[in-house]
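Asker: Here it is, the structure, as structure tokens.
The values are calculated or read from the model by the stated rules, or taken from the named source; none is laboratory data. None of these values were measured; they are calculated from a predicted model. Heads up, the Cβs are rebuilt from the backbone with ideal geometry, glycines too, and the neighbour counts pull from every protein chain shown. With ligands, DNA and RNA removed, areas are computed over all heavy atoms of the protein, side chains included. Shrake-Rupley method; radii C 1.70, N 1.55, O 1.52, S 1.80 Å.
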Amino acid sequence: MNLGDRLMGKPARSRMRTIALALGICGLALLAAQRTAFSSEAAVVIAPPALDEPVSATTAHEETAVFAGGCFWGVQGVFQHVRGVTRAVSGYSGGQRDTAQYETVSGGETGHAESVQVTFDPTKVTYGQLLQVYFSVIQDPTELNRQGPDSGTQYRSAVFPLNDTQRRVAQSYIAQLDKAHSFPAPIVTKTEPFKGFYPAESYHQNYLTLHPNSAYIAINDMPKVENLKRLFPNLYRDKPVLVEAAQ
């Protein structure tokens with residue numbers, strides 16, 4: 001049972017006090033929601049990447065990509081609604097295996113970012129299209145070491161290319177978006193060396209689907225799913241693909 005579940009039955013004041021004393025999940029979600037008028041980052045209409053991975057009759061039907069863009073609950077939740085994605089797992093990337101635990105990563109000194117490993121069929125959705133969704137509706141690429149109410153290097157915006165082609169596509173797209181002034185400020189998203197991906201604890205998996213009415217999810221992440229549906233109707237699917245077993 002995760003922290004949010006354990007607090008469900010407590011009075012609001014007690015619940016907030018307990019959260020404030022605990023290591024908060026994804027930026028002390030309920031506390032942040034009450035303290036600020038923050039809402040999900042507005043989606044930005046952007047052009048597709050001019051450079052994308054080539055797709056042919058010999059293209060493999062499964063590929064993996066890793067993205068970091070704030071709390072992994074929302075990142076995972078959006079990608080789970082993208083057609084062609086066969087699996088999306090919340091986890092940690094950027095640091096070492098022995099520090100890939102939530103409590104340790106939350107300290108912000110492990111090098112890890114809360115990340116999502118996306119397995120997809122490139123004949124149905126390309127790596128470039130995933131990048132377009134990532135930059136358009138999932139996170140604000142102009143925020144340095146933070147997303148919304150969450151701050152720290154563990155919430156940074158980063159792409160972890162798994163091969164040279166992914167690196168070229170990601171770097172080319174960032175340059176393209178910056179040159180077009182697609183955002184009101186320069187993009188701070190970095191392509192970082194891939195050192196490994198480590199799945200997060202089971203209670204972090206499928207969090208958006210399991211807790212759609214929690215304050216954090218309702219305020220910060222459900223609008224992103226709606227933006228995916230609105231801006232990318234050809235990529236949106238109503239039924240999310242869920243992580244099938246606890247990690």
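Asker: I'd like to know if the range 234-244 contains one or more residues that are more than 17 Å from the chain's Cα centre (by Cα), among the acidic types (Asp, Glu) and either farther than 14 Å from Phe79 by Cα or surrounded by 18 or more Cβ atoms within 10 Å (Cβ to Cβ) (or both).
Answerer: Looking through the range 234-244, at least one residue is more than 17 Å from the chain's Cα centre (by Cα), among the acidic types (Asp, Glu) and either farther than 14 Å from Phe79 by Cα or surrounded by 18 or more Cβ atoms within 10 Å (Cβ to Cβ) (or both).
Asker: Identify all residues within the range 65-112 that are among the basic types (Lys, Arg) and not in a strand (DSSP E or B); write none if there are none.
Answerer: Listed by number, the residues that qualify are Arg83, Arg97.
Asker: Something else: Would you mention how many residues in the range 145-155 are buried (at least 24 other Cβ atoms within 10 Å of the Cβ) and assigned to a loop (DSSP other than H, G, I, E, B)?
Answerer: Number of matching residues: 1.
Asker: How many residues are under 17 Å from Leu130 (Cβ atoms) and not in a loop (DSSP other than H, G, I, E, B) if we restrict to the range 168-189?
Answerer: 9
Asker: Please go through (1) in a helix (DSSP H, G or I); (2) surrounded by fewer than 19 Cβ atoms within 10 Å (Cβ to Cβ) for Lys195 and return the number of the only condition it doesn't satisfy.
Answerer: (1)
Asker: Which residues, counting only those in the range 198-218, are over 21 Å from Phe160 (Cβ atoms) and assigned to a loop (DSSP other than H, G, I, E, B)?
Answerer: Asn206, His211, Pro212, Asn213, Ser214
Asker: Could you list all residues from the range 190-213 that are of a type in the set (Asp, Glu) and closer than 20 Å to Val133 by Cα?
Answerer: The one that is of a type in the set (Asp, Glu) and closer than 20 Å to Val133 by Cα: Glu192.
Asker: Pairs please, first residue from the range 175-197 and free of Cβ contacts under 8 Å to residues at least 60 places away in the same chain, second anywhere and basic (Lys, Arg), Cβ atoms under 6 Å, 6+ apart in sequence or on different chains.
Answerer: As it stands, the answer is Thr191/Arg167, since those pairs meet every condition given.
Rundown of residues vs (1) surrounded by 22 or more Cβ atoms within 10 Å (Cβ to Cβ); (2) among the hydroxyl-bearing types (Ser, Thr, Tyr), yes/no style:
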position	(1), (2)
Thr86	no, yes
Ser93	yes, yes
Arg97	no, no
Gln101	no, no
Gly107	no, no
Lys124	no, no
Gly128	no, no
Leu131	yes, no
Glu143	no, no
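Asker: Among the residues in the range 157-166, are any modelled with pLDDT of 95 or more, open to solvent by 20 Å² or more (accessible area, probe 1.4 Å), charged (D, E, K, R) and under 18 Å from His112 (Cβ atoms)?
Answerer: No; the residues of the range 157-166 include none that is modelled with pLDDT of 95 or more, open to solvent by 20 Å² or more (accessible area, probe 1.4 Å), charged (D, E, K, R) and under 18 Å from His112 (Cβ atoms).
Asker: Moving to a separate point now. For Asp221, all conditions in the list (1) in a helix (DSSP H, G or I); (2) touching a strand residue (DSSP E or B) at 6+ places or on another chain (Cβ under 9 Å); (3) open to solvent by less than 50 Å² (accessible area, probe 1.4 Å) hold save one; what is the number of the exception?
Answerer: Every condition holds for Asp221 apart from (2).
Asker: Testing Phe135 on (1) open to solvent by less than 30 Å² (accessible area, probe 1.4 Å); (2) under 14 Å from Ala65 (Cα atoms), one condition comes back false. Which one is that?
Answerer: Answer for Phe135: the failing condition is (2).
Asker: Separate question: In this structure, does Arg87 turn out to be of a type outside the set (S, T, N, Q) and at pLDDT below 50?
Answerer: No.
Asker: Can you tell me how many residues within the range 111-139 are under 11 Å from the mean Cα position of the chain (by Cα) and under 21 Å from Leu231 (Cα atoms)?
Answerer: Residues flagged as under 11 Å from the mean Cα position of the chain (by Cα) and under 21 Å from Leu231 (Cα atoms) within the range 111-139 amount to 7.
Asker: Sort through Ser136, Ser106, Ser93, Ser115 and tell me the only one that's touching a residue at least 40 places away in the same chain (Cβ under 8 Å), over 30 Å from Asn234 (Cβ atoms) and among the small types (Gly, Ala, Ser).
Answerer: That would be Ser106, the only listed residue that is touching a residue at least 40 places away in the same chain (Cβ under 8 Å), over 30 Å from Asn234 (Cβ atoms) and among the small types (Gly, Ala, Ser).
Asker: Taking the stated definitions as given, is Tyr216 open to solvent by less than 50 Å² (accessible area, probe 1.4 Å), modelled with pLDDT of 95 or more and farther than 20 Å from Leu131 by Cα?
Answerer: Yes: the conditions hold for Tyr216.
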